[in-house]
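Contents: one structure, followed by commentary.
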Amino acid sequence: MKNLIKQILSVLVIVFVLSQSMAAQKDFGFKTAASNIMGSDFPKISLDKSVYVRLRAPEAIKVQVQGGDGFCPKPLDLVRDTAGNWNAIVPSAGPGFHYYWFTVDGVRVNDPGSDTYHGYGRPTGGIEIPADGEDFFTAKNVPHGDVREHWYYSEITGKWRRAFVYTPPEYDKNPGKRYPVLYLLHGAGENERGWSKQGHMNFILDNLIAGKRAVPMIVVMDNGYATAKDAPAAPAGFSMRDMTKMAETLEQVYVREIIPNIDLSYRTIPKREDRAMAGLSMGGLQTMLIGMNHLELFSYYGFFSGAIIGGIMDDPKTAFNGAFADAASFNKKVKLMWFGAGAGETQFVKMVEDTKTKLEDLGIQPITYISPGTFHEWHTWRRHLNEFAPLLFRK
């Protein structure tokens, strides 16, 4: 009798949850996400940006959903219906792109209804949440540039390496024209696809160039992992020490291989004054470690949620062999030092503020930007690129 009562109560709970979900879909206008695989109804997004997720797993005991900052950073339990579907509604998510995944009886799996991206060191599902009033990163009816796949062999790493290269819309129409170059670095756990696939950098640049807010430029997005050919591979879940070690090898790849290779393969302006470097998170750390050691190569620098900027800048007068010690000399070489963070990533906000103060005390004037309402996530970095790119290569 007790077991029968429990079963009845369980059914009632499921019916209640599903009825609430159906009501929510009707009341809040749930619609299929733009990032879904063709033909997939779920996940769905409501007017208040709540996300209705569903996974069919009739034999499962427990299913949870989890995602990155701004989406669902803590596991949320799903409820099983009588058809074997597991359902949940994730409360209002932040705008832009977010990674997410299911955990089924302790095993992490991607949502078969969503596209996958390289994140967290593996193919990971993602969802695009509409950003009300923001379309700077969407495809518009303007001239579009190309993102080209560029392979080159690295003698330093002993491997073939891949970079993605954005060429502006006019590139093939003006065969006699040369262009400045932005080297744009991705974050840890991601790869060289990130800026074009998750970040929509090509649409951001297309729209800026069409609006005459940015000059036409080439953008190079190389792979951010590099180990010398005789060295052991970096371990999974590598530490800050591992990232710093990789940056030392990556520095050699940039100086001796990728920059010369790009200058030979594309119509670049091969001068320091027409070369910029920027990166997000780990890529921001690499921009600092590589770029500040090579002021002869770059004149513009962008640090998007750059990892431990404050730690590197503990004593700016002696950092990087005294690169900042002579402010007058530094300011002649470097046209822009740009630092950004999301308002929700408080540690990085503090790093930005500390670094700005220390540089200003030396006579160097950086530009800073805090993205309102975002975290350590792609919408922060999309906004960063949209703010940073218009400042580049202005004569």
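Any read-out appearing in this document is the output of simple, stated calculations on the displayed coordinates, not a laboratory observation. Nothing here was measured: the structure is a model prediction, and the numbers come from that model. A quick note on method: Cβ atoms are made from the backbone with ideal geometry, for glycine too, and the neighbour counts reach across all protein chains shown.
If only the Cβ of Lys and Arg carry +1 and only the Cβ of Asp and Glu carry -1, the dipole of the stretch 244-380 around its Cα centre is close to 340 debye. The alpha carbon centroids of the stretch 256-281 and the stretch 106-121 are separated by 33 Å. Identify which of K245, K74, K173 has the largest mean-square fluctuation in a Gaussian network model of the chain, with springs joining Cα atoms closer than 10 Å. Among K245, K74, K173, the largest GNM mean-square fluctuation belongs to K173.
Look at the dipole of the chain built from charges on Cβ: of A328, V181, A139, the Cα furthest out on the positive end belongs to A139.
Using the Stokes-Einstein relation with a Kirkwood hydrodynamic radius computed over Cα pairs, the translational diffusion coefficient of the chain at 25 °C and a viscosity of 0.890 mPa s comes to 108 µm²/s.
Comparing P232, W381, W151 along the charge dipole axis of the chain, the residue lying farthest to the positive side is W151, per the Cβ-charge model. Taking a ≥ b ≥ c as the square roots of the eigenvalues of the alpha carbon gyration tensor, the stretch 329-394 is oblate, as a/c is not under 1.5 and a/b does not beat b/c.
Expressed as a rounded percentage, what relative contact order does the chain have, with Cα pairs under 8 Å and six or more residues apart?
It rounds to 12 percent for the chain.
Rounded if a/c is under 1.5, else prolate if a/b beats b/c, else oblate: with a ≥ b ≥ c from the C-alpha gyration tensor eigenvalues square-rooted, which is the stretch 149-221? Oblate shape, in that a/c is at least 1.5 and b/c is the bigger or equal ratio. Using the average count of surrounding beta-carbon atoms within 10 Å as a protection proxy, the listed peptides 85-94, 182-191 rank, highest first, as 182-191, 85-94.
If you fit an axis through the alpha-carbon atoms of helix 378-388 and take the longest principal axis of the Cα set of the chain, what angle between them do you get, 0 to 90°, nearest 10? Tilt of helix 378-388: around 30 degrees.
Computing Rg and the Kirkwood Rh from the Cα coordinates of the stretch 29-145 gives a ratio, Rg/Rh, of 0.99.
What does the net charge come to around H98 if you take all other residues with beta carbon closer than 11 Å to its beta carbon, with K and R at +1 and D and E at -1? That works out to -2. Rounding to the nearest 10 and keeping the result within 0 to 90°, find how far the Cα-based axis of helix 346-362 lies from the longest principal axis of the chain. Roughly 10 degrees, rounded to the nearest 10. As a rough footprinting exposure proxy, the listed residues S299, S329 were ranked by other beta carbons within 10 Å of their own, and the order from fewest upward is S329, S299. For the pair the stretch 327-395 and the stretch 178-198, the centres of their Cα atoms are 18 angstrom apart.
With a/c under 1.5 counting as rounded, go ahead and sort the stretch 87-153 into rounded, prolate or oblate using the C-alpha gyration tensor (a ≥ b ≥ c being the square roots of the eigenvalues; past the cut-off, prolate if a/b is larger than b/c, else oblate). Note, shape of the stretch 87-153 comes out oblate. Here the gap between K350 and R56, fully extended at 0.36 nm per residue and compared with their Cα-Cα distance, gives a gain of 101.5 nm. Packing, as the average of other Cβ atoms within 10 Å across residues, places the peptides 377-384, 174-181 in the order 377-384, 174-181, highest first.
The dipole here belongs to the chain: it is taken about the Cα centre, uses +1 on the Cβ of Lys and Arg and -1 on the Cβ of Asp and Glu, and is about 400 debye. Tell me, what is the FRET efficiency for Y120 and K173 to the nearest 0.05, using R0 = 45 angstrom and their Cβ-Cβ distance as r? Calculated transfer efficiency: 0.65. Can you give the relative contact order of the stretch 142-261 as a percent, counting alpha carbon pairs under 8 Å and 6+ residues apart? 30 percent.
Helix 201-210 versus the longest principal axis of the chain: what is the Cα-based angle in degrees, 0 to 90, to the nearest 10? Result, in degrees: 60.
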